[in-house]
Amino acid sequence: MSNTQTASPLLVLASASPRRADLLRKAGVSFEVICPEVEEAHDASMTPEELTVENAKRKALAGSAMCPGRLVLGADTLVYVDGEPLAKPADMDEALRMVRQLSGRSHEVCTGVVLARDGALIEKFHVITHVTFKPLSDTAIRDYHNLVNPLDKAGAYGIQAHTDMLLERMEGSFSNVVGLPVERLMQVLEGHSIA
């Protein structure tokens, strides 16, 4: 009798983010990807922790409705400066303004993570990383944006590419800034016999 498993992976990633999928692959997690349609919350009265966890919950619960019996992972990442969330920029002008706002300053990156199964919330947590950018001229920002597409990234930057152009220092999880706090997630998944 063969022990080879042909069943679907136990974990489902409810995210269209190629960066989250890449982080999970590098961590050695077996998973499949779905992209549920959800309306994200944009509530200025919520803290970064509350807002990212709420949006992660919406993704995980919608995903769990599509995949009965499976553990579904939802995540949401936002960049915050002065308590103001910076989502994905609408165009290159907004991308320039966002990174200009981060130039020479510290900001927070918060990722909310939720695991759900069969419409029930199984686990939720958030991770915050403190990031400080070098002082950047508009020319330096445009040079960076010529190398890294900012339009699909919260805060108009991707820390995993050409990091030296932006980063002065970081306190906390690097993978969290990329979009998924892998260190914490792996601890949680181990508790569910996934990792």
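Taking the centroid of alpha carbons for each part, the range 45-76 and the range 95-173 are 20 Å apart.
Between Glu123 and Leu115, the built amide H atoms are under 5 Å apart, and every one of these is 5 or more places off in sequence or on another chain.
Taking other C-beta atoms within 10 angstrom as a stand-in for reagent exposure, Glu54, Glu84 fall in the order Glu84, Glu54, fewest first. Computed over the chain, relative contact order equals 21 percent, with contacts defined as Cα pairs under 8 Å that lie 6+ residues apart.
Before anything else, pin down the relative contact order of the range 1-107: Cα pairs under 8 Å, at least 6 apart, normalised by residue count, whole percent. So the answer I get is 24 percent. To the nearest 500 deg cm²/dmol, what mean residue ellipticity at 222 nm is calculated for the chain from DSSP H runs of n ≥ 4 alone, each contributing -39,500 (n - 2.57), summed and divided by the residues? Only helices count here, giving -10000 deg cm²/dmol. Calculated translational diffusion coefficient of the chain (4 °C, 1.567 mPa s; Stokes-Einstein with Kirkwood radius over alpha-carbon pairs) equals 75 µm²/s. For the range 26-36, the Karplus equation 6.51 cos²θ - 1.76 cosθ + 1.60, evaluated at θ = phi - 60°, returns couplings of 5, 7, x, 8, 8, 7, 10, 10, 10, 10, x Hz by residue, with Gly and Pro reported as x. Taking the longest Cα principal axis of the chain as reference, the axis of helix 92-102 is set at about 80 degrees.
Springs between Cα atoms under 10 Å define the GNM used for the chain, and in it the highest mean-square fluctuation of Lys26, Lys57, Lys153 occurs at Lys26. Residues Phe31, Phe125, arranged from fewest to most other Cβ atoms within 10 angstrom of their Cβ, appear as Phe125, Phe31. Of all DSSP-defined beta bridges confined to the range 1-146, some 75% are antiparallel rather than parallel. In this structure, the amide hydrogen of Leu71, modeled 1.01 Å from its nitrogen in the peptide plane, lies closer than 5 angstrom to those of Val12, counting only residues at least 5 positions away or on a different chain.
With the gyration tensor restricted to C-alpha atoms of the range 132-195, the semi-axes of the equivalent ellipsoid amount to 30, 13, 7 Å, longest first.
Note on His192 and Glu49: with the Förster distance fixed at 30 Å, the Cβ-Cβ geometry gives a FRET efficiency of about 0.85.
We did not get these values from a lab; they are worked out from the coordinates using the rules stated. Just so we're clear, the structure is a prediction, and the values are computed from it rather than from any experiment. As a convention, Cβ positions derive from the backbone with ideal geometry for all residues, glycine included, and neighbour counts pool all protein chains shown.
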